[in-house]
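What follows is a set of notes on a single structure, which appears directly below.
The values are calculated or read from the model by the stated rules, or taken from the named source; none is laboratory data. This is a predicted model, so every value here is computed, not measured. Every residue, glycine among them, receives a Cβ derived from its backbone with ideal geometry; neighbour counts consider all protein chains shown. To get the accessible areas, we keep the full protein, side chains included, count just its heavy atoms, and leave off ligands, DNA and RNA. Shrake-Rupley method; radii C 1.70, N 1.55, O 1.52, S 1.80 Å.
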Amino acid sequence: DQQVKQNSPSLSVQEGRISILNCDYTNSMFDYFLWYKKYPAEGPTFLISISSIKDKNEDGRFTVFLNKSAKHLSLHIVPSQPGDSAVYFCAASDSNYQLIWGAGTKLIIKP
Amino acid sequence: DAGVIQSPRHEVTEMGQEVTLRCKPISGHDYLFWYRQTMMRGLELLIYFNNNVPIDDSGMPEDRFSAKMPNASFSTLKIQPSEPRDSAVYFCASSRRGKAFFGQGTRLTVV
């Protein structure tokens with residue numbers, strides 16, 4: 001039973017356009033959500049997070065939106081750059097701080 | 001801080017041999033996680049520790065896998081005996097209050 005789902009295995013976006021990566025979760029006890037970025041042969045690196053008391057968090061080109069009623073979060077990257085090509089993982093945690101991971105979405109930025 | 005340090009970066013071993021992967025978490029972090037990444041299954045949580053105590057090892061695939069954390073600055077993941085299907089990249093991560101930081105991973109190849 002997947003508690004965190006990233007339904008798109010891959011996404012291709014033109015350079016300069018907006019990239020939108022989606023994530024759905026089932027456990028209403030999750031109160032903290034994170035996005036990680038992973039390049040080949042490297043460990044995932046933290047990108048941005050959001051607490052359940054907020055519905056939006058912005059950091060430069062990256063914005064995460066949280067819709068608690070729909071149990072859905074999304075990561076927006078504007079504008080997309082070639083260096084953004086990577087696998088993006090969504091993760092959620094509850095008060096126990098254990099991270100539950102989505103399967104990842106491979107983002108490809110086309111020049 | 002040097003981040004999470006894993007060793008070795010690459011390990012090639014013969015089937016049936018014992019393999020030990022090592023991890024040094026970030027100082028001050030109270031959670032330590034061991035993950036495995038494969039093409040088929042993505043990023044899987046194997047086991048995690050809180051304050052050096054194993055909390056959840058339900059992700060450990062078989063009794064051939066064991067993990068220890070003798071102190072706050074060191075953890076090992078051992079596979080004995082190793083099998084070709086154990087070939088994967090193994091990541092260690094540490095965290096304090098939710099945000100996890102990953103090591104570079106150990107690429108294990110069992111031939």
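Restricting attention to the stretch A:51-87, the residues that are open to solvent by 40 Å² or more (accessible area, probe 1.4 Å) and in a helix (DSSP H, G or I) add up to 2.
Taken over the stretch A:35-50, the residue count meeting the criterion of being facing chain B (nearest Cβ under 9 Å) and either part of a loop (DSSP other than H, G, I, E, B) or open to solvent by less than 10 Å² (accessible area, probe 1.4 Å) (or both) is 5.
Taking the stated definitions as given, is A:Tyr32 among the aromatic types (Phe, Trp, Tyr), touching a residue at least 40 places away in the same chain (Cβ under 8 Å) and surrounded by 15 or more Cβ atoms within 10 Å (Cβ to Cβ)? Working first, answer last.
Values: among the aromatic types (Phe, Trp, Tyr): yes; touching a residue at least 40 places away in the same chain (Cβ under 8 Å): yes; surrounded by 15 or more Cβ atoms within 10 Å (Cβ to Cβ): yes.
Yes: the conditions hold for A:Tyr32.
Working only within the stretch A:88-111, note down all residues that are in contact with a Pro (Cβ under 7 Å, 6 or more places away or on another chain), in a strand (DSSP E or B) and open to solvent by 40 Å² or more (accessible area, probe 1.4 Å). Result: A:Lys106, single match. Here B:Ala93 clears all of (1) more than 21 Å from A:Tyr97 (Cα to Cα); (2) touching a residue at least 24 places away in the same chain (Cβ under 8 Å) except the condition numbered (1).
Across the stretch B:25-69, the number of residues qualifying as of a type in the set (Phe, Trp, Tyr) and open to solvent by 20 Å² or more (accessible area, probe 1.4 Å) comes to 1.
Would you point out which residue out of A:Ala92, A:Ala103 is closer than 14 Å to A:Phe30 by Cα and either touching a residue at least 24 places away in the same chain (Cβ under 8 Å) or in contact with a Cys (Cβ under 6 Å, 6 or more places away or on another chain) (or both)?
Details: A:Ala103 fails: closer than 14 Å to A:Phe30 by Cα.
On inspection, the qualifying residue turns out to be A:Ala92.
When A:Asp94, A:Asp24, A:Asp59 are checked against the criterion of being away from chain B (no Cβ under 14 Å) and among the acidic types (Asp, Glu), a single residue qualifies: A:Asp24. The strands (runs of 3 or more DSSP E) found entirely in chain B that carry 1 or more residues being within 9 Å of chain A (Cβ to nearest Cβ) and within 27 Å of A:Ile48 (Cβ to Cβ) are B:5-7, B:31-38, B:42-50, B:53-56, B:88-96, B:99-102. For the stretch A:1-29, which positions are open to solvent by less than 50 Å² (accessible area, probe 1.4 Å) and in a loop (DSSP other than H, G, I, E, B)? Once the filter is applied, which keeps residues that are open to solvent by less than 50 Å² (accessible area, probe 1.4 Å) and in a loop (DSSP other than H, G, I, E, B), the stretch A:1-29 yields A:Gln6, A:Gly16, A:Asn27.
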